[in-house]
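Please read the structure below before turning to the comments.
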Amino acid sequence: MKATYSKSSFSISGIVCNTLGHDYAISRKITNHINEYKCTKCGKEVTDNFAGRVENLTLKTKQVNSSLALFFEKKMRRKYAIPYEKISM
Ligand SMILES: [Zn+2]
């Protein structure tokens, strides 16, 4: 009799999520309106997209989010013109 606890506990969390829904927490903030989320139970990752809908976080959407975060950061910095010296004071 060989117990495979790690395997069975993984599928149990999957069943819990399928039954009760995922318990998403923000894992990364991209813009004011777009975030990446990770399920605290099973680790599934999703993200908001331009259309305001939630989609699976894939390598492609991660890359899109990274360039979007960079663009958004630059835009914000230019808008408020925050000098680096003042931040690090
Ligand atoms: Zn889940």
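The values are calculated or read from the model by the stated rules, or taken from the named source; none is laboratory data. Treat the numbers as computed from the prediction; the structure is a model and nothing was measured. Cβ placement follows ideal geometry from the backbone for every residue including glycine, while neighbour counts extend to all protein chains displayed.
When PHE10 is tested against (1) at pLDDT 85 or above; (2) within 16 Å of the ligand (Cβ to nearest atom), just one condition goes unmet, and that condition is (1).
Can you name the condition, by its number, that THR19 falls short on among (1) modelled with pLDDT of 90 or more; (2) surrounded by 10 or more Cβ atoms within 10 Å (Cβ to Cβ); (3) hydroxyl-bearing (Ser, Thr, Tyr)? For THR19, the failing item is (2).
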